[in-house]
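The values are calculated or read from the model by the stated rules, or taken from the named source; none is laboratory data. Just so it is clear, the structure is predicted and the values come from calculations on it, not from any experiment. Glycine gets a Cβ as well: all are built from the backbone with ideal geometry, and neighbour counts include every protein chain shown.
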2 protein chains.
Amino acid sequence: MRRIKLHIEYDGTGFAGFQRQGQGERTVQEVLEAALRRLPGARPKVVAAGRTDAGVHALDLPLHYDTEDRIPIERVPLALNALLPPDVRALMAEPVPLSFHARKSARWRAYRYLVRVSESPSALWRHRALWLRAPLDLAPIRAALGMLVGAHDFKAFATKETRPTKKRLFRAEVWREGSLVVFEFVGDGFLRGQVRTMVGTLIEVGLKKRAPEDVARLLESGTRAEAGPTAPPQGLYFLAAGYRPYPSR
Amino acid sequence: MRRIKLHIEYDGTGFAGFQRQGQGERTVQEVLEAALRRLPGARPKVVAAGRTDAGVHALDLPLHYDTEDRIPIERVPLALNALLPPDVRALMAEPVPLSFHARKSARWRAYRYLVRVSESPSALWRHRALWLRAPLDLAPIRAALGMLVGAHDFKAFATKETRPTKKRLFRAEVWREGSLVVFEFVGDGFLRGQVRTMVGTLIEVGLKKRAPEDVARLLESGTRAEAGPTAPPQGLYFLAAGYRPYPSR
């Protein structure tokens, strides 16, 4: 038996999220496990570094599974891609010790959120970014991002979260790329709905509907009702996860 | 009666091309004309600056239609977007004289073609770019592009073209953007299949399977069978069309 760490990319548009639901809904986990069931020797069970909601994408999500197949490691992505639908792609595989756990061993996770600012909505970006007509002022957003970085109780930004709500955010940045505004967050972990609620709140800051200092108040109060709306799923991307300490700069 | 010039964007993935076919196939023209049929006063007939094949996208395609509606011009995109499916978006409308013709009056058209070079195929780019594993050398491609620019008989690059095959290419460039290789072509007009066959041939040049000088020979011989394969549709984008002479640099 060997354990394989597999990096995958997916287009979340056609999925009811990552996690198996067993209610006839198409999920990334089910599609992956169905592919493993067709790979002789593989155990049809995957554990991923993170979960994503319906419509959320992944650029590079690590997961692990166990197998007794003898496929050379560099050919594993090719073998799996032949069994996977085109909206999920295996990018890279590497052997890991049986003690490796894609979720529990992860030291950091990174997410990106794309907002497209344009006069008209876009056909090509409709499943890839949130559309805003009004311009965003990045200066107050950056002030608010500075308050989010560090160890905090992020309860005010969580949706139906039952686990501990203290997390550490290592990095939080925003920049422009053409008509896109790109948010990037790196943390030791994220609560359910956290990135989308942070973005929903930060957009209100960028539209001058809310002062940057509000974010500090939200971290203190922990009251979800005082935060902004949950930004829609299509702008969110699971970017990467790492298994060594996040490098401080 | 007034004539309106409308700029549209579309995701070509779900369309059997631009042109109405009347065989139960979903086309951009049919979807647009169905929207106009629901706009009181509008004539349900559009004329576009260009046509695209199944799977080809448009970032900004101008078209015209005639109407007796009284919608303020700046609200026309909003009114049409309420009637259009989300994979076609009206971007901008302006009034034009009845003598304006979106196809016949166009002085130049521009196309882009995206190639994504990466070790693995991509889920998120599968309908947006051609995937290549082998790296492309842009220097020989640029040499070949230089031979394509100018007035030539592009017969060797046309697919089932019955109209005159002499065209003028004003500009032909290639550059890298991260993992993408971007081709851009501006000409007075393009033959059926021309951009995709030029790209298919230029990729062979970039892979060193063919010398740049081959392109000059193809322009002379006019033999389609000697050109490269037609690059697949998902990498092609109708970029823009203009109604004044293309500015020389």
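Considering B:ALA54, B:ALA123, B:ALA58, B:ALA90, which residue is touching an Asp or Glu at 6+ places or on another chain (Cβ under 9 Å), assigned by TED's automatic domain parsing to the domain that holds B:VAL28 and in a loop (DSSP other than H, G, I, E, B)?
B:ALA54
Considering the stretch A:9-51 alone, what residues qualify as being among the hydrophobic types (A, V, I, L, M, F, W, C) and not in a strand (DSSP E or B)? Within the stretch A:9-51, A:PHE15, A:ALA16, A:PHE18, A:VAL28, A:VAL31, A:LEU32, A:ALA34, A:ALA35, A:LEU36, A:LEU39, A:VAL46, A:ALA49 qualify. Is it fair to say A:VAL28 is surrounded by 19 or more Cβ atoms within 10 Å (Cβ to Cβ), of a type in the set (Val, Ile, Thr), modelled with pLDDT of 95 or more and out of contact with any Asp or Glu (no Cβ under 7 Å at 6 or more places or on another chain)? Yes; evaluated as a whole, the condition is true for this residue.
Residue check: is B:SER99 away from chain A (no Cβ under 14 Å), over 23 Å from B:ARG217 (Cβ atoms) and among the small types (Gly, Ala, Ser)? Yes: the conditions hold for B:SER99.
Does B:LEU239 qualify as being touching an Asp or Glu at 6+ places or on another chain (Cβ under 8 Å) and under 27 Å from B:ARG128 (Cβ atoms)? Criteria met by B:LEU239.
Does the stretch B:127-134 contain any residue that is under 16 Å from A:SER120 (Cβ atoms) and either within 14 Å of another protein chain (Cβ to nearest Cβ) or in a loop (DSSP other than H, G, I, E, B) (or both)? For the stretch B:127-134, residues under 16 Å from A:SER120 (Cβ atoms) and either within 14 Å of another protein chain (Cβ to nearest Cβ) or in a loop (DSSP other than H, G, I, E, B) (or both): absent. If the condition is being among the hydrophobic types (A, V, I, L, M, F, W, C) and more than 20 Å from B:PRO232 (Cα to Cα), then the stretch B:187-219 contributes B:ALA211, B:ALA216, B:LEU218, B:LEU219. Of the set (1) surrounded by 18 or more Cβ atoms within 10 Å (Cβ to Cβ); (2) aliphatic (A, V, I, L, M); (3) farther than 22 Å from B:ASP214 by Cα, all apply to B:ALA158 but (3).
Scanning the stretch B:181-220 for residues that are in contact (Cβ under 8 Å) with a residue 40 or more places away in the chain and acidic (Asp, Glu) yields B:GLU184, B:ASP188, B:GLU213, B:ASP214.
Scanning the stretch B:79-89 for residues being more than 7 Å from chain A (Cβ to nearest Cβ) and closer than 19 Å to B:GLY17 by Cβ gives a total of 2. I'd like to check something: does the stretch A:174-190 contain any residue that is over 15 Å from the mean Cα position of the chain (by Cα) and crowded, with 19+ Cβ neighbours inside 10 Å? Within the stretch A:174-190, one or more residues are over 15 Å from the mean Cα position of the chain (by Cα) and crowded, with 19+ Cβ neighbours inside 10 Å. Whenever a residue of the stretch B:77-88 is closer than 12 Å to B:PHE15 by Cβ, its partners that are at pLDDT 95 or above and assigned to a loop (DSSP other than H, G, I, E, B), lying with C-beta atoms within less than 6 angstrom and at least six residues away or across chains, give the pairs B:ASP87/A:ALA123; B:ASP87/B:ASP11; B:VAL88/A:ALA123.
Restricting A:LYS160, A:LYS166 to residues that are farther than 21 Å from A:TRP108 by Cβ and of a type outside the set (A, V, I, L, M, F, W, C) narrows the list to A:LYS160.
Could you say whether any residue in the stretch B:137-158 is of a type outside the set (Gly, Ala, Ser) and modelled with pLDDT under 95?
Checked against the condition, which is being of a type outside the set (Gly, Ala, Ser) and modelled with pLDDT under 95, the stretch B:137-158 yields no hits at all.
Considering every residue within the stretch B:101-117, establish whether at least one is among the hydroxyl-bearing types (Ser, Thr, Tyr), touching a Leu at 6+ places or on another chain (Cβ under 9 Å) and not in a loop (DSSP other than H, G, I, E, B). Taking every residue of the stretch B:101-117 in turn, at least one turns out to be among the hydroxyl-bearing types (Ser, Thr, Tyr), touching a Leu at 6+ places or on another chain (Cβ under 9 Å) and not in a loop (DSSP other than H, G, I, E, B).
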